[in-house]
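**Student:** I'd like to ask you about the structure that follows.
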Amino acid sequence: MSEHIEIYLNGDRLQVSKGMDLLQLQQQYAAGQQVAIALNSAVMPRRCWPEQRLQMQDQVLMFNLVAGG
Amino acid sequence: MAIKSIQQDQPSMAAAFQSPSALQPPLPDPQFLYYSRQLLLPDWSEQRQVQLSRSKVLIVGIGGLGCPAATYLAGAGVGWMVLADGDQVEQSNLPRQTLFRLSDLGLNKAEAAAASLKQLNPFIRIDTIPHQLDEAELARRIAWADLVLDCSDNLATKLAINRLCQQQQRCWIGASASGYQGYSWLIQPGNGGCLSCLGHQSPLAAGGCLQQGIYSPLVGQLGLQQASLALQQLTMARQRPSFMQIYQHHQQQFSQCQLLADPRCECCGVTTDV
């Protein structure tokens with residue numbers, strides 16, 4: 001049985017697998033979408049996603065890339 | 001010459017106009033009166049007002065973001081603005097592009113906006129670029145400006161501004177919106193990340209208003225944020241590191257986030273993969 005931790009994704013409480021990184025989170029919850037991710041009030045470069053493991057109570061903002069104006 | 005000064009079209013306004021460099025404190029009475037409510041702010045001063053009057057701002061795109069941004073920068077007294085947009089005013093623009101009226105339909109957006117702004121503040125200079133900027137001209141305009149506002153509606157332009165501002169170490173302020181989603185940012189080259197650090201390089205990757213629609217109050221809010229950030233940037237000595245303000249529709253609030261640099265970023269990174 002896998003261990004889980006609690007994080008907040010766009011304000012909603014969420015249980016995720018312990019050790020999950022940002023890339024896995026994106027693949028699980030926004031697969032195929034062009035998104036950016038902010039972790040604890042810092043927008044993370046996409047290249048850093050696989051290295052960034054989620055921690056208990058992390059605050060994650062995942063938002064779609066848009067270009068209108 | 002493509003650039004046309006509205007001042008040339010309005011000789012009566014020319015008398016009221018003083019070039020920013022000629023303006024010295026104290027402010028002339030008409031300007032003191034015009035800016036009086038702003039001057040009452042505890043952290044504002046005539047000196048700060050004069051500093052603003054000497055500022056040069058390039059605004060790329062005069063649509064849903066550019067209209068509110070330009071309105072409030074003109075009203076605040078930015079001394080010299082260049083408005084760039086090659087599009088014409090269309091009926092579907094009117095609900096959110098508040099500088100335009102039905103009588104402006106078919107007119108170039110930059111020129112229609114400049115005419116409207118000149119009615120708002122006769123003490124500033126406004127020039128227009130009524131066509132799409134190519135990269136060489138964009139680079140020249142960025143070099144001229146103290147600050148660049150990206151109010152464009154496409155990722156290709158945003159990435160070009162990002163790259164050229166990085167090359168010239170010029171601060172720039174941008175925003176994007178589509179549907180109920182949107183965010184603004186301030187990029188300070190050498191102090192935090194840039195737009196390319198997000199890792200999205202394809203101009204086709206991002207959705208726009210034509211596909212997803214647009215919530216007009218949101219794009220207006222983002223344009224006002226750009227204006228507010230610009231006023232701070234132009235008149236305060238402190239340099240802020242790059243950051244984003246992200247709109248969360250379900251909570252109807254903005255979250256401010258630092259924009260971290262990617263050391264391997266193709267645009268601003270200091271290292272490259274071997």
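The values are calculated or read from the model by the stated rules, or taken from the named source; none is laboratory data. Fair warning: this is a prediction, and the values are worked out from it, not measured in the lab. Don't worry about glycine lacking a Cβ; one is built from the backbone with ideal geometry, like all the others, and counts go over all protein chains shown.
**Student:** Which of the residues belonging to region B:12-56 are in a helix (DSSP H, G or I), farther than 12 Å from B:Pro122 by Cβ and at pLDDT below 90?
**Tutor:** Selection gives B:Pro20, B:Ser21, B:Ala22.
**Student:** Among what's in region B:174-189 and is more than 9 Å from chain A (Cβ to nearest Cβ), surrounded by fewer than 24 Cβ atoms within 10 Å (Cβ to Cβ) and in contact (Cβ under 8 Å) with a residue 60 or more places away in the chain, pick the residue that is farthest from the chain's Cα centre (by Cα).
**Tutor:** B:Tyr180
**Student:** Please determine whether any residue of region B:141-164 is in a strand (DSSP E or B), more than 22 Å from B:Ala113 (Cα to Cα), in contact (Cβ under 8 Å) with a residue 60 or more places away in the chain and not aliphatic (A, V, I, L, M).
**Tutor:** no
**Student:** OK, next. So, in region A:41-61, how many residues would count as being in a loop (DSSP other than H, G, I, E, B), within 7 Å of another protein chain (Cβ to nearest Cβ) and crowded, with 17+ Cβ neighbours inside 10 Å?
**Tutor:** Within region A:41-61, the subset in a loop (DSSP other than H, G, I, E, B) is A:41, A:45, A:52, A:54-58.
In the following step, the residues that additionally are within 7 Å of another protein chain (Cβ to nearest Cβ) were identified as A:41, A:45.
Add one more test, that the residue is crowded, with 17+ Cβ neighbours inside 10 Å, and what stays is A:45.
Here the count works out to 1.
**Student:** Checking the conditions here, which among A:Ala38, A:Ala30 is surrounded by 15 or more Cβ atoms within 10 Å (Cβ to Cβ), within 11 Å of chain B (Cβ to nearest Cβ) and either farther than 16 Å from B:Cys197 by Cβ or under 9 Å from the mean Cα position of the chain (by Cα) (or both)?
**Tutor:** A:Ala38
**Student:** Tell me whether region A:5-20 contains one or more residues that are of a type outside the set (Asp, Glu), outside any helix (DSSP H, G or I), modelled with pLDDT under 95 and within 28 Å of B:Gln252 (Cβ to Cβ).
**Tutor:** Yes - at least one qualifying residue is present in region A:5-20.
**Student:** From the list B:Gly79, B:Gly106, exactly one residue is free of Cβ contacts under 8 Å to residues at least 24 places away in the same chain and in contact with a strand residue (DSSP E or B) (Cβ under 8 Å, 6 or more places away or on another chain). Which is it?
**Tutor:** Residue meeting the stated conditions: B:Gly106.
**Student:** While we're on this one: Check B:Gln232, B:Gln239, B:Gln168 and return the single one that is more than 10 Å from chain A (Cβ to nearest Cβ), within 24 Å of B:Ala136 (Cβ to Cβ) and either surrounded by fewer than 16 Cβ atoms within 10 Å (Cβ to Cβ) or of a type in the set (D, E, K, R) (or both).
**Tutor:** Answer to the check: B:Gln168.
**Student:** Scan (1) at pLDDT 95 or above; (2) at the interface with chain B (Cβ under 9 Å from one of its Cβ atoms) for the single condition A:Asn64 breaks and write down its number.
**Tutor:** (1)
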